[in-house]
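Here the structure is laid out as C-alpha cells; the discussion comes afterwards.
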Amino acid sequence: MQQSSTKFKKRSRRKPSEFVDIANERIQILFSRAEEEFPLHPELSNRYVEIARDIAKKFNIHIPVELRRKFCKKCGSYLVPGKNLTVRVLSDEKKVARICGVCGNVMKIPYSKRNKRQR
Ligand SMILES: [Zn+2]
C-alpha cells in the first residue's frame with residue numbers, strides 16, 4: 001500500500017519533515033516578532049533575523065521571498081522602508097534598488113507582480 005506523497009515514511013539521517021514544518025513556523029514567528037520589536041528595540045529585531053537565518057541554514061530551508069526582503073543579506077539587519085531602508089525604482093534597469101541604511105549594501109530586485117503591494 002502506497003501512501004500519498006504528503007506523508008513521508010523515509011528513514012534517513014536528515015531532519016524529519018515535521019521539524020522542517022516547525023522550523024518554517026519559527027521563522028514566520030521570528031519575523032513577526034522582529035516587526036513588532038523594531039520601533040523600540042531594533043537590535044532585537046536583528047537578533048530575530050539572525051536566529052531565523054540560523055534555523056533556515058540548519059534545516060536547509062529557504063526563507064520565503066517576502067521575508068527575505070525584510071533584512072539585509074550582507075549585514076543581517078532587519079529593514080524597514082523609510083527607517084533604515086531606502087527603496088529606489090531604477091526604471092532603466094526595470095529593477096528596484098533596496099539600499100540598506102546600516103551597511104549601504106544595495107540589493108537589486110527585478111520588478112515583479114508582487115511589488116505592486118507597496119502602494
Ligand atoms: Zn546591511
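The values are calculated or read from the model by the stated rules, or taken from the named source; none is laboratory data. Quantities reported herein were computed from a predicted structural model and do not represent experimental measurements. Don't worry about glycine lacking a Cβ; one is built from the backbone with ideal geometry, like all the others, and counts go over all protein chains shown.
Summed over the range 51-78, the residues that are under 10 Å from the mean Cα position of the chain (by Cα) and in a helix (DSSP H, G or I) give a count of 7. If only one of ASN46, ASN24 is polar (S, T, N, Q), within 13 Å of the ligand (Cβ to nearest atom) and assigned to a helix (DSSP H, G or I), which one is it? None of the others qualify; the one that does is ASN46. Take ILE99 and decide whether it is surrounded by 13 or more Cβ atoms within 10 Å (Cβ to Cβ), more than 15 Å from the ligand (Cβ to nearest atom) and at pLDDT 95 or above. Against the criterion (surrounded by 13 or more Cβ atoms within 10 Å (Cβ to Cβ), more than 15 Å from the ligand (Cβ to nearest atom) and at pLDDT 95 or above), ILE99 does not qualify.
Considering only residues in the range 1-35 that are modelled with pLDDT under 90 and of a type in the set (S, T, N, Q), the one that is surrounded by the most Cβ atoms within 10 Å (Cβ to Cβ) turns out to be SER17. Residue under question is LYS108, and the condition is that it be surrounded by fewer than 17 Cβ atoms within 10 Å (Cβ to Cβ), assigned to a loop (DSSP other than H, G, I, E, B), within 16 Å of the ligand (Cβ to nearest atom) and not acidic (Asp, Glu); does it hold? In short, no. Please enumerate the residues belonging to the range 72-89 that are more than 8 Å from the ligand (Cβ to nearest atom) and surrounded by 14 or more Cβ atoms within 10 Å (Cβ to Cβ). Matches in the range 72-89: TYR78, VAL80, ASN84, LEU85, THR86, VAL87.
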